[in-house]
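So the structure is just underneath, and the comments pick up after that.
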């Protein structure tokens, strides 16, 4: 038996297929993964993401610490609640994890990191916090619900107090606010608008049931993966890891090179790659033939295996298989993907595959 979120019994009651995910018992789907996908793209769906790791960082030197720890520059965070997507890198420039960091005060930042990397992330964060005298505190006894889709914000507003609703409604994308015990962030992992709402664990069931009664569809890990893939969002351990740099993972935009004197972990290793052409890049693939693209399938160019699919699935919005693949930098236009002894043609495209609920490709 794995760890369980405060909403575990709700998933069971709704008939979810429970699977192990990074040591947690989590819902894969509630009957139809494709239907759940469509609900998020067309209406509103809710995900239990309480298995994520929440960390508060406090101290007079916390900004200085994060300038060193993170590849993106937290000096971009100057107003309360502003969020930044970034990676933590190792000394070789590989990705330790990707995360979101929030500015809650000059001596207080908050990070949300992946569940599957909890132990190594906490060790890495604490190790590098010590020289800066930063207090690292993991937030527990909370639940996190991601409510996503065109109707998501309006649906969440019906569950909030007047004060919470007023503050949430005023949020711009990638901003958050803490009000009356709720931490409400206008972020997500689907390519749709919505909120991620951190609430006390004891209030999670009531909040979940209220949203469900108001027409918000429960969504599992399966549809979460197809949604993020369509939206062109990387998945840690599949599309990037400690052997992959952000420049090889389509995340060049998350590395802040200015000011040049900012010495973040991994900068020295990355700079030669930044000033030259990286050997590898992450691209999107679309399979026009029947079949499903999956991780580790070989990518063939001119009869030679030159790369592999990092993550792939069937796209309900496009009605075709899509994937990310890591290939040499000069690969363009078309490739072959090897599956079950056959080599099927795939188009090379630049993600995202879907934007604002609409297909970017035919």
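The values are calculated or read from the model by the stated rules, or taken from the named source; none is laboratory data. None of the values given here were measured: they were computed from a predicted structure. Every residue, glycine among them, receives a Cβ derived from its backbone with ideal geometry; neighbour counts consider all protein chains shown.
Residue-wise test of (1) out of contact with any helix residue (DSSP H, G or I) (no Cβ under 7 Å at 6 or more places or on another chain); (2) more than 23 Å from residue 249 (Cβ to Cβ).
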position	(1), (2)
61	no, yes
80	yes, yes
85	no, no
91	no, no
95	no, no
133	yes, yes
140	yes, yes
146	yes, no
151	yes, yes
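Can you pull out the strands (runs of 3 or more DSSP E) entirely within region 1-77 that have at least 2 residues that are at pLDDT 95 or above, assigned by TED's automatic domain parsing to the domain that holds residue 215 and within 18 Å of residue 215 (Cβ to Cβ)?
Counting at least 2 such residues, we get 45-48.
Just need a number here: residues in region 294-341 that are part of a strand (DSSP E or B) and touching a strand residue (DSSP E or B) at 6+ places or on another chain (Cβ under 8 Å).
Residues flagged as part of a strand (DSSP E or B) and touching a strand residue (DSSP E or B) at 6+ places or on another chain (Cβ under 8 Å) within region 294-341 amount to 29.
Pick out the one residue from 345, 278, 272 that is part of a strand (DSSP E or B) and either touching a strand residue (DSSP E or B) at 6+ places or on another chain (Cβ under 7 Å) or modelled with pLDDT under 95 (or both).
345
From the list 262, 228, pick out the single residue that is within 17 Å of residue 152 (Cβ to Cβ) and surrounded by fewer than 23 Cβ atoms within 10 Å (Cβ to Cβ).
228
Of the numbered conditions (1) closer than 25 Å to residue 356 by Cβ; (2) in the same structural domain as residue 155 (by TED's automatic domain parsing), residue 98 fails exactly one; give the number of that condition.
Looking at each condition in turn, residue 98 falls short on (2).
Let me confirm something: among 206, 248, 192, which residue is buried (at least 21 other Cβ atoms within 10 Å of the Cβ) and closer than 30 Å to residue 162 by Cβ?
Among 206, 248, 192, only 192 is buried (at least 21 other Cβ atoms within 10 Å of the Cβ) and closer than 30 Å to residue 162 by Cβ.
From the set of residues in region 156-183 that are over 23 Å from residue 103 (Cβ atoms) and out of contact with any helix residue (DSSP H, G or I) (no Cβ under 6 Å at 6 or more places or on another chain), which is surrounded by the fewest Cβ atoms within 10 Å (Cβ to Cβ)?
Among residues in region 156-183 that are over 23 Å from residue 103 (Cβ atoms) and out of contact with any helix residue (DSSP H, G or I) (no Cβ under 6 Å at 6 or more places or on another chain), the one surrounded by the fewest Cβ atoms within 10 Å (Cβ to Cβ) is 162.
Tell me, yes or no, whether region 268-286 has at least one residue that is within 17 Å of residue 91 (Cα to Cα), out of contact with any helix residue (DSSP H, G or I) (no Cβ under 6 Å at 6 or more places or on another chain) and buried (at least 19 other Cβ atoms within 10 Å of the Cβ).
yes
Test residue 115 against the criterion of being crowded, with 17+ Cβ neighbours inside 10 Å, outside the structural domain of residue 186 (by TED's automatic domain parsing) and more than 20 Å from residue 245 (Cβ to Cβ), and give yes or no.
Yes; evaluated as a whole, the condition is true for this residue.
Please state which of the following conditions residue 235 fails to meet, knowing it meets all the rest: (1) touching a strand residue (DSSP E or B) at 6+ places or on another chain (Cβ under 9 Å); (2) over 16 Å from residue 112 (Cβ atoms); (3) surrounded by fewer than 21 Cβ atoms within 10 Å (Cβ to Cβ).
Of (1) touching a strand residue (DSSP E or B) at 6+ places or on another chain (Cβ under 9 Å); (2) over 16 Å from residue 112 (Cβ atoms); (3) surrounded by fewer than 21 Cβ atoms within 10 Å (Cβ to Cβ), only one is false for residue 235: (2).
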